[in-house]
Structures are given as C-alpha cells and as structure tokens.
Number of protein chains: 2
Amino acid sequence: MNQLLTKSMTVSDLASASRVNASAVRFYDKHGLIAGERTSGNQRRFSEEDACRIKVIRVAQRVGLSVSEISELLIDLPSKPSSAEWAVVGAKLRAAAQERIDQLNHALDDLTGPVQLCDVSNSVDSPEA
Amino acid sequence: MNQLLTKSMTVSDLASASRVNASAVRFYDKHGLIAGERTSGNQRRFSEEDACRIKVIRVAQRVGLSVSEISELLIDLPSKPSSAEWAVVGAKLRAAAQERIDQLNHALDDLTGPVQLCDVSNSVDSPEA
DNA sequence: CTAAAACTTGAACAAAGGTTGAAGTCAAGT
DNA sequence: ACTTGACTTCAACCTTTGTTCAAGTTTTAG
C-alpha cells in the first residue's frame, strides 16, 4: 500500500508539512475540513490527502471564503479523491476567485470611474460667488 | 461657501448618507480614517469629503486592507482634496487590488496548475504490486 | 427656558479564526 | 515496565471590526 495514502501522520507531522500551527490542524479537523482518522487510543492520523486539503483551505481563505463556505466546497470530496475530483474543487475555487475579482473591479470602477464619485471639490456651486 | 464642503453633518447624517452604522462612523473617526471636526460642545461634524472617505474605506476593505493599511492609504490625503488627490488614492487602491488578484491567481495556479500538486492518488507506487 | 432628541465616552459583547495553557492519556525507546 | 515526548479535550484568551448599552452632555424646537 502506498505509504502516502495511509493515515500515518500525526497532528504535528501534518502541521509542519503544511506549515500551519498544530492548533489550526485541530481547528480544521473539528470543523470537518480535513479527513483524519483516529487510532485506537483516540489520536488523530492523517495522510497526504489532508495536506492537500489544507492547501485548498489556505487558498480558499485568501479568496475570501469562510470556514463554512470552505466546508461546502469540500463536502463533496470523497476520501482518496481522484485527479478529476480534485480538479472539480480547483475549478470551483477558480470560479469563486473570479467572482470576487469581478466584484472588486466593479467597486473600483464605481470609485474612480467616469463619474468621479469622490470628486466634490470646487465644482458644485460657483466659486466665491 | 459650498455647503457640501462645510463640516455640517452629524454622525448619524454621515452614517445614513454612507449607509453604515453610526458606531462604524465613530470607529473610523477614532482610527483617523475620516476627517471630522468638533463643535464647541465636542460633537463631531462631517462634510461630503468624509462620505467619500467612507466609500474609499469600504472598497479598501473589500480589497482586503486592514484599518491600519487603509490609514496609510489615506494619510497623505489632505483636507478638501482635489480631484487629482482623490485620483492618487484611487490609483493606489487599484494597485493594491491588482496585487491581491495576482497573488490569488498565483496561488490558484500552484493548486491546479500543470503539476497537479493535489493529485496524490494511485500514482506514486505501483497499484497493488 | 426647558424637554426631548441626539450626541459623548467607556465598557461589555459578538463572530471569525485561531492560539495558549492545564490536566490528563497515549506511544515509543530502552 | 517505565519514562518522556507527543497527544487528547476544554476553557480561556487574542485580534479585528465593529455593535450595544449606560450614564452623562449638547443641541434644538417650542
């Protein structure tokens, strides 16, 4: 069996591999964003899949998604996802990012566009009458 | 004198004009993001300029800037800014937005690009030996 | 002038996304 | 088997960006 696919990493293994704090790993686990298993002694164990999920989580956060939105993004992702299944997640993230970008550009256009919404200076009534 | 340029709006005037809560206006004032004056009785008074500042603040927040970053964005803006001075702020905001967008696209490319960083499935060692 | 409405400050609370610490349990080396 | 380091949960705390509330002051309309 592929060692990378077995749930053999501890919380701190995954944390250092993903360069996040162990407490963040527990936080993501508590919110169901990663797919850890438990040993008979109740300790968490993770695989590379969970490292990938954390990569997705970090990007999704930069896109501006909340934990519950990321949860919805990942809810359809099964254990041991195929390439195609990861690609679906990637596409959804790209779409979400593009939506944010479009909103942002729209807001910027409102601010600095043809109408000059923020220009209030010396033009509304005649200067010094 | 142009009525729009005098500091004659109260906190709630500005709040309703900007469609934010009065507490948000006080918050922005406390952090120096808007340029209110005080009456002899210590009450705040604002002009249209402050409504413009609040527009900038809201867009900047969507770009992802924190209050202290927005503070730096606005620190060079004088009282009664000219068109050109507003345009500088607009340009800085656009640049900040573009930077975020570029970072985001870079992160997305890392995630879903040619290398398929999140594809770990069935390909690292031979399937079932 | 007075009463009501709106203003002032400060402190407490909220939600998100964690971090830190305490007390106790598990796992790994010898 | 025992020790030590890493793990567990839970609760308290942190930062950001506000909101809400209480007690007291200012403004404004009559």
Give the range A:9-37 a look and list any residue that's within 11 Å of DNA strand C (Cβ to nearest atom), charged (D, E, K, R), more than 14 Å from chain B (Cβ to nearest Cβ) and surrounded by fewer than 15 Cβ atoms within 10 Å (Cβ to Cβ), or say none.
A:Lys30
Please go through the range B:89-107 and pick out each residue that is of a type in the set (A, V, I, L, M), exposed (fewer than 15 other Cβ atoms within 10 Å of the Cβ) and either out of contact with any helix residue (DSSP H, G or I) (no Cβ under 9 Å at 6 or more places or on another chain) or at the interface with chain A (Cβ under 7 Å from one of its Cβ atoms) (or both).
B:Ala95
Step by step: first the residues of the range A:38-55, then only those that are surrounded by 14 or more Cβ atoms within 10 Å (Cβ to Cβ) and over 15 Å from A:Lys80 (Cα atoms), then the one that is nearest to DNA strand C (Cβ to nearest atom). Which residue is that?
A:Arg44
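Per-residue answers, yes or no, for (1) among the aromatic types (Phe, Trp, Tyr); (2) near DNA strand D (Cβ under 9 Å from one of its atoms); (3) within 25 Å of B:Asp13 (Cβ to Cβ); (4) modelled with pLDDT under 95:
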{"residue": "B:His31", "(1), (2), (3), (4)": "no, yes, yes, no"}
{"residue": "B:Arg38", "(1), (2), (3), (4)": "no, yes, yes, no"}
{"residue": "B:Arg44", "(1), (2), (3), (4)": "no, no, yes, no"}
{"residue": "B:Ile57", "(1), (2), (3), (4)": "no, yes, yes, no"}
{"residue": "B:Val67", "(1), (2), (3), (4)": "no, yes, yes, no"}
{"residue": "B:Ser79", "(1), (2), (3), (4)": "no, no, yes, yes"}
{"residue": "B:Ala87", "(1), (2), (3), (4)": "no, no, no, yes"}
{"residue": "B:Ile101", "(1), (2), (3), (4)": "no, no, no, yes"}
In the range B:65-80, how many residues are within 12 Å of another protein chain (Cβ to nearest Cβ) and either in contact (Cβ under 8 Å) with a residue 40 or more places away in the chain or over 11 Å from the mean Cα position of the chain (by Cα) (or both)?
5
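The values are calculated or read from the model by the stated rules, or taken from the named source; none is laboratory data. Predicted, not measured: the structure shown is a model, and the values here were computed from it. Don't worry about glycine lacking a Cβ; one is built from the backbone with ideal geometry, like all the others, and counts go over all protein chains shown.
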